[in-house]
Amino acid sequence: MLGLQRFAGSIVIQLYRRATYSSNARAASGALATAATNGQGVGSGTSDEPEPRATPADASVRKPKVTGHMVAAAFESLRNETDSSGKPTTNKSSTASAANNIDERIVNAKTVNGLLSITENNVAFSRKHALKIVSILAEWSTVNRVKISEFENDTRFLRVCRMLGRTVPKNDANGKNNGNTGGSTNSNSSKRISGFRTDDLNTVLGVAGDDEAAKLIASISLPQMVKVMSTLAQRKRRSTPLLRSLAFNISSASEQLDLKQAADVLYAMSTLNFQDSVLGAKVCADVQAALPKNSEKSAVVGSVLTSLGIMRYRDLDILESLTQWLLKNSEICRPQDLSAYFLTAAQLNFKSAHLEDVRKKLAKSIVREDFTKQLDWLNYVWSLTMLGLVEHSQLESVLRADFLAKLESEKAGLTPTSKMRLLNLNSYAQLCASDYKGALLPADSPAYKVPMAHTKSKQILVNGMLDALKSLLPTNNHVQGLVDSKMGFLIDAVCQFDAKRNPLPLDNNNPDAIRIAIMVIDFHDICHGAHRSASGTTNLAFDLLEKSGYQIIPVPYNEFSTSDKLLKRVQYLEAKFKAIVSSK
């Protein structure tokens, strides 16, 4: 499909301009116009909401002015190939063998004539083969290996086009143009190009391979690229070749994305868990340029913020610009959009230069009644805590027994994530909130009954660290791994030393002992993008550990690898210990 789209996008206009209006040329134009319309099937939606959704066909689409079968119908028939009589083919093995032979000939063809000769007198030749041939011709013409003029009027090529496109409208085939002359022919061609259905593109995407589709992206417009990304996100289809091609071509486009398009791209990236620093920089720059023009809708801003938080994409410039927009347009902002700002800022460990204005104008405008779900209120208070904006009354509201009862009664229930956040808040209230006198979680609270475990990739790093640590310290009672902090996270390893750098048993309650917490930082514990840093969650864990009396040794994944020899890992940790002990 990608080959077909690229071919259509880069060649169809030239074909229309050059084509003489013989019946064969008109057939080629009609077929390639359909190919182009499928390329345009990725046009930008006009919905106010930033989330991508299937765009319904407009009136001109539902009632096309031209007649004939749509590409979607043509490709749909590939599922049930029939013989010339209309009955299903019975000799499947011979048909499959012939089809495989054609595939081989297509792959091995070196010239235009070699490709097109495959179409002659070959009953097993199908639309799939036609698609492959057009894709190859598109690629050859793009790299100037062949010229369009070499095959545009070849009857064999026109046959391939007819297999993939609509039949030519009768009035065009007869050379009529309803009394119009000259430019009206080009106008009719344009109408055929713009007359498409989104399903046409989707069907071709389903038939063509991802690699073929990726080649075609360069020939479609920027709005179409955005629509392709939105469609992939809707289908949860994480096609790496296609996404990389989209990322490259969107990033390379000189045209700016509007705010809706930028929100759609970020939504697709977050939904498909697709990280690309160059694309992220392009989208963020375009968001900054488009923000001043938006003075009416906060939903698209909320979508941008939510996507940045999910991706953990940290760009201080765009975050500051979004903060300024919210401050300026706070009166039109919905509570959920403001909540998205605080949650994203917390996760990205971002504190605006205008934090006091954020506190007075944004944080004060949100009340508990704005949230229909208890979980949303908990997340909001948790985000304020990481930003240092939480009030004692807000802390107490989520640590009270009645709040936990309401939270448990909701459909989602008391999830592991909500339990860990409650433990974060309980520890913050005890260790960081000055003069807090409100409620705390009781010792038998269900929040403490939360399974603590790392992801598989992080656990591999932790195991590598523990192996090195046990080689460095004398006995097992000098180190403990995977300790439940009771604060909503695991401590990867704890140990203690005296002032002379001598390791101490963990059961030694020496008040002068230097207590050390070793924390492994993997890829998911940091924010990515233009300004990388530890995530807000990681930063909160470190703050709580320091308030608990620990010295922290972070072990980042890009400094410590399990592929390193044990001796190198031991030396790495030893240097970290010496740095901490000597600083005391």
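Let me confirm something: among ILE526, ILE521, ILE553, ILE516, which residue is touching a Cys at 6+ places or on another chain (Cβ under 6 Å) and touching a residue at least 24 places away in the same chain (Cβ under 8 Å)?
ILE516 is the lone residue from the list that is touching a Cys at 6+ places or on another chain (Cβ under 6 Å) and touching a residue at least 24 places away in the same chain (Cβ under 8 Å).
Could you list all residues from the range 324-340 that are open to solvent by 40 Å² or more (accessible area, probe 1.4 Å) and either within 10 Å of ALA299 (Cα to Cα) or of a type in the set (A, V, I, L, M) (or both)?
ILE332, ARG334, GLN336 - these are the residues of the range 324-340 that are open to solvent by 40 Å² or more (accessible area, probe 1.4 Å) and either within 10 Å of ALA299 (Cα to Cα) or of a type in the set (A, V, I, L, M) (or both).
Quick check on the range 343-373: of everything there that is of a type in the set (S, T, N, Q), at negative phi and within 30 Å of the chain's Cα centre (by Cα), which residue is most open to solvent (accessible area, probe 1.4 Å)?
Among them, the one singled out is THR372.
Consider ASN502 carefully, then state whether it is more than 24 Å from ASP564 (Cα to Cα) and open to solvent by 70 Å² or more (accessible area, probe 1.4 Å).
yes
When you go through (1) open to solvent by less than 50 Å² (accessible area, probe 1.4 Å); (2) within 16 Å of the chain's Cα centre (by Cα); (3) among the charged types (D, E, K, R) one by one for LYS236, which number turns out not to apply?
LYS236 satisfies all of (1) open to solvent by less than 50 Å² (accessible area, probe 1.4 Å); (2) within 16 Å of the chain's Cα centre (by Cα); (3) among the charged types (D, E, K, R) except (1).
So which residues in the range 265-282 are part of a helix (DSSP H, G or I) and either touching a strand residue (DSSP E or B) at 6+ places or on another chain (Cβ under 9 Å) or open to solvent by 10 Å² or more (accessible area, probe 1.4 Å) (or both), if there are any at all?
Residues satisfying the conditions are LEU266, TYR267, MET269, SER270, THR271, SER277, VAL278, GLY280, ALA281, LYS282.
Determine the pairs where a residue that is over 25 Å from GLN459 (Cβ atoms), located within the range 561-584, has a partner that is open to solvent by less than 70 Å² (accessible area, probe 1.4 Å) and among the hydrophobic types (A, V, I, L, M, F, W, C) with Cβ atoms under 7 Å apart, the partner being 6 or more residues away or on another chain.
VAL581/PHE497; VAL581/ILE514; LYS584/ILE514
In the range 446-470, what residues are out of contact with any Lys or Arg (no Cβ under 9 Å at 6 or more places or on another chain) and of a type in the set (Ser, Thr, Tyr)?
THR455, SER457
Can you tell me which residue in the range 239-253 is least open to solvent (accessible area, probe 1.4 Å), limited to those that are at pLDDT 90 or above and out of contact with any helix residue (DSSP H, G or I) (no Cβ under 6 Å at 6 or more places or on another chain)?
Looking at the filtered set, the residue picked out is LEU243.
Only one of SER339, SER418 is assigned to a helix (DSSP H, G or I) and over 27 Å from GLN324 (Cβ atoms). Can you tell me which?
Of the residues listed, the single one that is assigned to a helix (DSSP H, G or I) and over 27 Å from GLN324 (Cβ atoms) is SER418.
Please return the ranges of helices (runs of 4 or more DSSP H) entirely within the range 85-201 where 2 or more residues are farther than 30 Å from VAL228 by Cβ and at pLDDT below 80.
Of the helices (runs of 4 or more DSSP H) lying wholly inside the range 85-201, those with at least 2 residues that are farther than 30 Å from VAL228 by Cβ and at pLDDT below 80 span 92-108, 170-173, 183-194.
Starting from the range 128-142, keep only residues that are farther than 18 Å from THR155 by Cα, then list their pairs with residues that are assigned to a helix (DSSP H, G or I) whose Cβ atoms are within a distance under 6 Å, requiring at least 6 positions of separation or different chains.
Partner pairs satisfying both residue conditions: SER141/ILE148.
The values are calculated or read from the model by the stated rules, or taken from the named source; none is laboratory data. Owing to the predicted nature of the structure, the values given are computational and were not obtained by experimental measurement. Counting neighbours? That spans all protein chains shown, and the Cβs are built from the backbone with ideal geometry, glycine included. Heads up: the accessible areas ignore ligands, DNA and RNA and are worked out on the full protein's heavy atoms, side chains in. Shrake-Rupley method; radii C 1.70, N 1.55, O 1.52, S 1.80 Å.
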